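The values are calculated or read from the model by the stated rules, or taken from the named source; none is laboratory data. Only a predicted model underlies this, so the values are computations on that prediction, with no experimental measurement involved. Positions of Cβ are backbone-derived with ideal geometry, glycine not excepted, and every protein chain shown enters the neighbour counts. All accessible areas refer to the heavy atoms of the entire protein, side chains included, with ligands and DNA or RNA removed. Shrake-Rupley method; radii C 1.70, N 1.55, O 1.52, S 1.80 Å.
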Amino acid sequence: MNIEDIAKKMCANGKGILAADESTGTIEKRFKSINVENLEINRLTFRQTLFNSSAMKDYIGGVILFDETIKQKTTLGPTIPELIQKQGAIPGIKVDKGVKPLAGSNEETVTEGLDGLRERLKEYYALGARFTKWRAVYKISDKYPSSQSIKSNAHALARYAALVQEAQMVPIVEPEVLMDGSHDIEKCYQVTTNVLNECYNELNIHKVNLKGTVLKPNMIIPGSKCKNECSSEEIAKRTLDCLKKNVPSEVPGIAFLSGGQSEIEASKNLNEINKINDTNFLITFSYGRGLQASALKEFGKNQKNIENIQKAFNHRARMNGLSSKGKWSENLEKETAA
Ligand code: 5MM
């Protein structure tokens with residue numbers, strides 16, 4: 001399959017992306033919240049339980065893995081990428097090396113990982129990866145994000161994307177404007193506009209074929225400490241407007257991050273966006289917490305109760321699959337939970 005077809009397959013037909021690429025430090029935080037020790041076997045057990053779930057076939061087009069996971073063999077025989085392929089999904093890999101303080105603007109970060117990337121991409125391709133992910137992070141405050149952070153992160157994202165396409169894989173471009181803070185929805189709209197503009201400016205300079213990319217953005221949403229509440233309808237309207245104005249129409253797929261929204265909020269907001277989607281973009285999810293939070297809780301209760309862990313994951317995958325078609329409802333949420 002060529003990269004343009006892969007990009008569509010990851011987001012089409014009511015499917016989305018499972019972000020299971022937590023680095024060892026991030027999964028440690030998640031496991032701590034459920035009192036599970038951060039051992040390799042526990043990480044493998046949790047992830048292979050998700051990847052074996054029945055909902056994978058209908059609702060998951062791609063899975064983003066971490067370096068450790070893509071190299072693991074399941075306790076059932078096949079390797080992790082083989083298990084994902086067997087479920088009809090495409091294995092992908094997070095290739096950034098995380099955020100580091102940005103020299104000259106130390107309260108902000110720049111994402112690193114370009115050194116040696118060309119060689120690492122060859123290795124990941126041989127392991128079965130057909131798409132990759134790189135996440136840039138921007139925080140909002142009175143003085144941030146600075147143009148230095150917007151420009152340096154966009155430059156890195158574009159150099160990453162160009163290398164990934166050279167290696168015949170699809171780059172997911174993830175510029176995440178964080179929800180942390182007390183800013184309102186308007187501020188999020190403005191900052192995301194600036195961030196997206198600079199990203200596509202750099203992607204063009206680096207001759208990235210946009211038809212072979214997927215954008216993973218934040219929704220346009222008020223900060224988590226903002227006093228003014230916003231309806232899902234307003235979030236959907238502002239988000240779609242921002243995407244229409246700032247994302248070139250060649251981009252085939254837009255797969256949102258959940259960014260700290262609750263599982264239900266993430267489904268509800270995605271659903272509202274799809275209800276009014278009058279663009280050609282395939283609009284779907286690329287959720288980490290938004291897909292895994294309930295399953296993680298069940299894993300914490302009893303790691304051996306595979307049925308309950310998978311039941312929780314199947315439910316969230318189905319709900320988000322419906323949201324990606326604008327067919328989710330609060331009632332369906334309750335019916336299935338009951
Ligand atoms: C799953 O978390 C991903 C990896 O984070 P670290 O590199 O910091 O360990 C993260 O990039 C994730 O893919 C996105 O932020 C989306 O996840 P959420 O939880 O926001 O949907």
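If you wrap a convex hull around the alpha carbons of the chain, what volume per residue comes out, as a whole number of Å³? Write down the numbers at each step before the final one.
On the way: hull volume 42.9 nm³, N = 338.
Roughly 127 Å³ of hull volume per residue.
Helix-derived [θ] at 222 nm for the chain: sum -39500 (n - 2.57) over DSSP H runs of at least 4, divide by residue count, nearest 500?
Taking each H run of at least 4 residues, the total per residue is -15000 deg cm²/dmol.
Only residues of region 132-151 count here: report those whose backbone N is under 19 Å from the spot 7 Å along Cα→Cβ of Lys71, or say none.
In region 132-151, the label zone of Lys71 (backbone N under 19 Å from the point 7 Å along Cα→Cβ) covers 132-133.
Compute the length gained on full extension between Glu186 and Lys151: take 0.36 nm times their separation in residues and subtract their Cα-Cα distance, giving the result in nm to one decimal.
10.5 nm
Based on the Cβ-Cβ distance from Lys245 to Ser23, what FRET efficiency comes out when R0 is 41 Å, to the nearest 0.05?
0.80
Given a 1.4 angstrom probe, I'd like the percentage of the accessible area of the chain that is carbon and sulfur, rounded to a whole number.
47
Determine which residues of region 302-338 fall in the zone a paramagnetic label at Lys57 would reach in this model, i.e. backbone nitrogen under 20 Å from the point 7 Å along Cα→Cβ.
Only 306-322 pass the distance filter.
Roughly how many nanometres apart are two label points built 7 Å out from the Cα toward the Cβ at Ala126 and Asp5?
That separation, rounded to one decimal, is 2.5 nm.
For Leu163, what accessible surface area do you get with a 1.4 Å probe? Give it in Å², rounded to 10.
Here the residue's solvent-accessible area equals roughly 30 Å².
Mind listing the long-range amide H neighbours of Tyr287? Cut-off is under 5 Å, sequence gap 5 or more, other chains count too, H placed in the peptide plane at 1.01 Å from N.
Residues meeting the amide H criterion: Ile17, Ala19.
What would the Debye formula give as log10 I(q)/I(0) at q = 0.11 Å⁻¹ for the alpha-carbon point model of region 87-231, no solvent?
These q points yield log10 I(q)/I(0) values of -0.43.
Size of region 21-130 along its principal axes in angstrom, Cα-based, largest extent first?
48, 37, 24
Cβ under 14 Å from Ala136's Cβ, Ala136 left aside: what net charge do those residues give with Lys, Arg +1 and Asp, Glu -1? Spell out each step's value before the answer.
On the way: positive: Lys94, Lys97, Lys100, Lys133, Arg135, Lys139, Lys151, Arg159, Lys216; negative: Asp96, Glu108, Glu112, Glu174, Glu176, Glu198, Glu202.
Around Ala136, the charge tally is +2.
From the protein chains alone at 1.4 Å, what is the descending order of accessible area for Asp241, Asp115, Asp21, largest first?
Ranked from most to least accessible, the order is Asp115, Asp241, Asp21.
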